[in-house]
1. Calculated from DSSP H runs of 4 or more alone, at -39500 (n - 2.57) each and per residue, what is the 222 nm mean residue ellipticity of chain A, nearest 500?
2. Can you tell me the relative contact order of chain A? Whole percent, Cα pairs under 8 Å, sequence separation 6 or more.
3. For the range B:1-75 and the range A:41-108, what is the separation of their Cα centres, given in Å?
4. What is the spread of the Cα atoms of chain A along each of their three principal axes, largest first, in whole Å?
5. Taking the convex hull of the Cα atoms, report for the range A:2-57 its projected area averaged over all directions, in nm².
6. Expressed as an acute angle from 0 to 90° and rounded to the nearest 10, what is the orientation of the C-alpha long axis of helix A:41-55 relative to the principal long axis of chain A?
7. Using R₀ = 30 Å, calculate the FRET efficiency as 1/(1 + (r/R₀)^6) where r is the Cβ-Cβ separation of residue B:101 and residue A:78; round to 0.05.
8. Any idea what the relative contact order of the range B:9-111 is, in percent, if you count C-alpha pairs under 8 Å spaced at least 6 apart?
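Each reported figure results from applying straightforward, stated rules to the coordinates on display, with no laboratory input. Predicted, not measured: the structure shown is a model, and the values here were computed from it. Note that each Cβ is placed from the backbone with ideal geometry, even for glycine, and that neighbours are counted across all protein chains shown.
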Amino acid sequence: MSNDHHALEHDTMVEELVAYLDGELDTESNRRVERRLARDADYRQQLRELQQSWDLLDHLPQADVDQSFTESTIAMVALQTSDDHQHARSRHSRQRRLMIGSALACSVLVFVAAFSATRWWAGRQDRKLLRDLPVIENLDHYRYAESIEFLRLLEREGLFVEEGLDHEL
Amino acid sequence: MLTEAAESRNATYETVDPDVRLMLQVRDGNAAAFEELVLRYQNRLITVLQNLVHNRHRAEELAQEVFLRVFRARASYRPEARFATWLFTIAHNVASNALRAAARQHEVNVSADPNGEAAAKPMDSMAVAPSGLMPVRQLEKGELADVVRQAIDSLGERQRMAVMLSRFEHMSYQDIAETMGLSVQAVKSLLSRARDNLRQILEPYVQEGTRP
C-alpha cells in the first residue's frame, strides 16, 4: 500500500516536472512547481536529472541527406504516380469493357427471354387444342352420354384407357 | 460540405503555416511546391524515422513512402492541422506498419531458431545494473551515442515516437496527440514515463561525468 502510494507520488512528480520542462503547465501550476523547486533540493535534483538525460538525446543521429535523395524521391513519386495513372486508366478501360460486355449479355438475355415468351404466348391456343384433341375427336360419342356420372362409370370400367381420356375426366 | 467553423479553422492554418500554403499549391498541381516541401522536411522526417526503425536505409525508404502518400493525397488535402502535424501523422502510420511487419518477421525468425531463444537487448542489463557498477571510464562520443540509442531502443514504440516528436520536432502535447491519435493527457503520461525511463537508464553515465 505504502509502495503503491510512493510510486504514485513519484509518477505525479515526474509528470509535473516533465510538463514544466516542456512548457506545458498553466501559469498557476508553473508557479507552484517553481515555489517547490526553490525550497526542495530533492525536487531540484529530480528536475536536473530529467533535463540532463533529455539533453543526451542530442547524441542521437540526425539526418543530413544530399540533393540526390531529393531527386530520387521526386523521381520515385513521379514514376509511382504515373504508374497509378496507368493502372487507373487500365482499370477504367477494364471496367468499360466489362460494362459493355455486361450490357451485351443483358441484351441477349432480354432478347432470348422476349422471344421465348412470345413463342410461348403464340403457341398457347395450339397447345390447348392439342390437349383437347382426344375430347374433340370423341365429341360425337360424348354427346350420347346423358350425364357425367355415366361417363365416370365407363371410365372406372376401363373404357377410356386406350383412348387417353382418363386425364380429361 | 465544410461547416463555417471548419472553414475558418482551415483558413487560419493557411494563414499561419507557410507549409500549408505550399501543400495547397501542390494540390493545385504545382510540382515545384512539392519539391520545396520535400527539401524542407526530408532531414526532419528521416531523423525521426531513423530513430524509430534503427536503420538509415530503411528510414530513407520510409520517408519516400511518406512523401509518396502526401503526393497521392494532394487532391483531397484540406488544411485541418499544421502541415507538420499532418505529415508526421502519415509518418507515424507508415512507421507503425513497418515496425509491425518487422516484428512479425522477427517472430518468424525467432521461431525458426533451433534454440528458441531471442537475444536479450544489451540495454536490459544496463537498466538494472546497480549503481555500484557504473561505467568507470570516459565514453567516446560514438559510444555515448550508442548508449543513448540503446536507451531509446528500450522504450516502447509509442514512447519512442512521442519522444522523437517532442525532442526533434518540438511539438506541443496537443500536436503530438493529434499526430498519434491520442488524448493530450495520454501524451503527457507517455512522455513522463518515457523521460523517467530514459533518466533511469542514462543517469549512471551522467553521474560519472562521462559526457564527452
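1. -27000 deg cm²/dmol
2. Relative contact order for chain A comes out at 10 percent.
3. 10
4. Computed over the Cα atoms, the extents are 132, 59, 28 Å.
5. If you wrap the Cα atoms of the range A:2-57 in a convex hull and average its projections, you get 4.3 nm².
6. 60
7. Numbers: r = 26 Å, r/R0 = 0.87.
For R0 = 30 Å, the calculated efficiency reads 0.70.
8. The value is 34 percent.
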